Amino acid sequence: MGTLNRTLIKNINKSDLINLFKNYYSIGRVRLLDHENQTLFLDRENYSIILFDSYLTNWIEIIFDFYDGPEEHDIFLKKVSTEFLTDVIFGYEQTTTGDARFLKIKGGKIERDIYQKSYYEPHRIIMERNLGNKYSTEKGFEYPEIGNDLTDFKVLDFDEIQNMFMDAGYKGNKNQSLKEEYTHLEWLQK
């Protein structure tokens, strides 16, 4: 159980993306490792943002930490998509609470946005957002109206969200020059 998330950005130079992070977020230390380590900066109670080459050419992958939930990086992701006229695909599941999110931004415009958010007292999962046309992965899925409970409706899981990544355009040739290099950015919170 925990938080699963994946962000993919197409046709962007990693150094340009790192500079954009440094201009948008409060970034401290930067470390290059041969593996991902989400706890690297917890010694100062800060989270990590991890960037690395995806398994497919022309894609960069990001693993975010979250302080405030799955919408917290939306403005940044939209900024990346707008400034670089590119595709951004984001997926998220909080397996403990049942929150799920899928977001596709193309050229700064939201193409698909699904957010199923959990609430308490009593616990329920609500359809918070459902923008854009369904992808083929969602063909048999039925969702409630916005603001309604997902009881008896489709609650997304991370495997389905991963399949939606392909529907959203995560395609290409296998990255033959893939290196085990993970850039860790310290996201300062204090």
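Annotations
- Criterion: aliphatic (A, V, I, L, M), in contact with a Gly (Cβ under 6 Å, 6 or more places away or on another chain) and outside any strand (DSSP E or B) - qualifying residue of LEU17, LEU77, LEU85, LEU40: LEU85
- Close pairs from the range 28-41: first small (Gly, Ala, Ser), partner in a strand (DSSP E or B), Cβ under 6 Å, at least 6 apart: GLY28/GLU186
- Residue identified as out of contact with any strand residue (DSSP E or B) (no Cβ under 7 Å at 6 or more places or on another chain), charged (D, E, K, R) and closer than 23 Å to LEU51 by Cβ among GLU180, GLU142, GLU138, GLU186: GLU180
- Exactly one residue among LYS78, LYS10 is basic (Lys, Arg), in contact (Cβ under 8 Å) with a residue 40 or more places away in the chain and either exposed (fewer than 14 other Cβ atoms within 10 Å of the Cβ) or within 23 Å of ILE110 (Cα to Cα) (or both), and that residue is LYS10.
- Only one of TYR25, TYR47 that is in contact (Cβ under 8 Å) with a residue 40 or more places away in the chain, closer than 24 Å to THR95 by Cα and of a type in the set (Phe, Trp, Tyr): TYR47
- Scanning the range 34-55 for residues that are within 13 Å of ILE12 (Cα to Cα) and among the aliphatic types (A, V, I, L, M) returns a single hit, LEU51.
Each reported figure results from applying straightforward, stated rules to the coordinates on display, with no laboratory input. Treat the numbers as computed from the prediction; the structure is a model and nothing was measured. We place every Cβ from the backbone using ideal geometry, glycine too, and count neighbours over all the protein chains shown.
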